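*Asks:* Below you'll find the structure I mean.
The values are calculated or read from the model by the stated rules, or taken from the named source; none is laboratory data. Bear in mind the structure is a predicted one, so any value in this text is a computation, not a measurement. Reconstructed Cβ throughout: ideal geometry from the backbone, glycine too, with neighbour counts over all protein chains shown. What goes into the accessible areas is simple: the full protein's heavy atoms, side chains included, and nothing from ligands, DNA or RNA. Shrake-Rupley method; radii C 1.70, N 1.55, O 1.52, S 1.80 Å.
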Amino acid sequence: MIAQIPSPPRTIMEVFKMLPEGTLAELINGQIYMSPTPTNLHQRISRKLEIKLNEFIDRNFLGEIFHAPLDIYFDSEANAVQPDIIFISKENASQPLDEVPYQGVPDLLVEILSPSNNKHDLVVKKELYEKFGVKEYWIVEPFSKEVTVYKLQGSSYVLASKEIGKVHSPLLSYQFEF
């Protein structure tokens, strides 16, 4: 079957929205980045962290946790990402959380590094999350289990902690072990 395109896309966001559902792709500053399927180790770490976070968030009625692939649209022109783990507080929900894609700025984002895209998470996405005001950003190195936590102070990220096998969240005032 050949798909018919009623009219050619006029913007990069229109091109991004035309990608097939489930495509591991992000749009950052007007450039589309494709990602390979995550590794088993990546998924194992993601699952463990998500379970720990979800238990804490649910127990304290703080909001909701989501995981990739889920598009987060920071704006309507050039920035849509698929973080590994997403926390949106109930106070911050800029729309009903059942609407997809989510349009707004989550409170906390977690990225688990992959060998093929370290720079992407360490530099490109960190700068994007800082620019849009994500309050807390965790970067997890899966082999060593080192977690680097950045918290937003004013309009810039500052290093909040760097630990192995555990993570202290200034935003949630809680320490998670995995």
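*Asks:* When the accessible area of region 30-168 is split by element with a 1.4 Å probe, what percent falls to carbon and sulfur?
*Replies:* Details: 3510 of 6940 Å².
Carbon and sulfur together cover 51 percent of it.
*Asks:* A further question on this structure: Once Lys and Arg get +1 and Asp and Glu get -1 on their Cβ, which of PRO170, TYR73, ILE85 lies farthest toward the positive end of the dipole of the chain?
*Replies:* PRO170
*Asks:* Can you check what the net charge comes to around VAL134, using other residues whose Cβ is under 14 Å from the Cβ of VAL134 (Lys, Arg +1; Asp, Glu -1)? Write down the numbers at each step before the final one.
*Replies:* Details: positive: LYS125, LYS126, LYS131, LYS135, LYS151; negative: ASP75, ASP84, ASP107, GLU111, ASP121, GLU127, GLU130, GLU136.
So the environment of VAL134 carries a net charge of -3.
*Asks:* Restricting to bridges with both residues inside region 1-160, how much of the DSSP beta-bridge set is antiparallel, in percent to the nearest 5? Could the numbers behind the result be given before it?
*Replies:* On the way: 25 of 32 bridges.
Of those bridges, close to 80 percent are antiparallel.
*Asks:* On C-alpha positions alone, give me the angle between the axis of helix 40-59 and the longest principal axis of the chain, in degrees, nearest 10.
*Replies:* 70
*Asks:* On to the next question. Using the eigenvalues of the Cα gyration tensor, what equivalent ellipsoid semi-axes result for region 1-91 when each is taken as the square root of five times the eigenvalue, whole Å, largest first? Don't skip to the answer; put the middle values down first.
*Replies:* Numbers: eigenvalues 181, 55, 25 Å².
Gyration-tensor ellipsoid for region 1-91: 30, 17, 11 Å.
*Asks:* Taking amide H positions as placed 1.01 Å from N in the peptide plane, with prolines and chain starts having none, which residues 5 or more places from SER161, or on another chain, fall under 5 Å of its amide H?
*Replies:* The answer is VAL149.
*Asks:* Show me the three semi-axes of the equivalent ellipsoid for region 106-178, from the C-alpha gyration tensor (sqrt of 5 times each eigenvalue), largest first, rounded to whole Å. Before the final figure, lay out the partial values.
*Replies:* Details: eigenvalues 64, 55, 14 Å².
Its equivalent ellipsoid spans semi-axes of 18, 17, 8 Å.
*Asks:* Kindly report the accessible area of the chain per residue (heavy atoms of protein chains, probe 1.4 Å, no ligands, DNA or RNA), in Å². Walk me through the numbers before you get to the answer.
*Replies:* On the way: 9780 Å² over 178 residues.
That works out to 55 Å² for each residue.
*Asks:* Can you list the lysines whose alpha carbon is less than 25 Å from that of LYS135, not counting same-chain residues fewer than 8 positions off?
*Replies:* Candidates past the 8-residue exclusion: LYS48, LYS52, LYS90, LYS119, LYS125, LYS126, LYS145, LYS151, LYS162, LYS166.
*Asks:* Only Lys, Arg, Asp and Glu count, each charged at its Cβ (+1, +1, -1, -1), so figure out the dipole size of the chain about its Cα centre, rounded to 20 debye.
*Replies:* Details: 17 positive and 24 negative charges, 84 e Å.
Taking the Cα centre of the chain as origin, the dipole is about 400 debye.
*Asks:* Right, here's the next one. Is it possible to state the helix-based mean residue ellipticity at 222 nm for the chain, with each DSSP H run of 4+ residues giving -39500 (n - 2.57), the sum divided by total residues, to the nearest 500 deg cm²/dmol? What is it?
*Replies:* On the way: 3 runs with 34 residues, N = 178.
For the chain, the value works out to -6000 deg cm²/dmol.
*Asks:* Against the empirical 2.2 N^0.38 Å scaling, what ratio does the C-alpha Rg of region 29-178 come to?
*Replies:* Numbers: Rg = 14.3 Å, N = 150, 2.2 N^0.38 = 14.8 Å.
So the Cα radius of gyration is 0.97 times the expected 2.2 N^0.38 Å.
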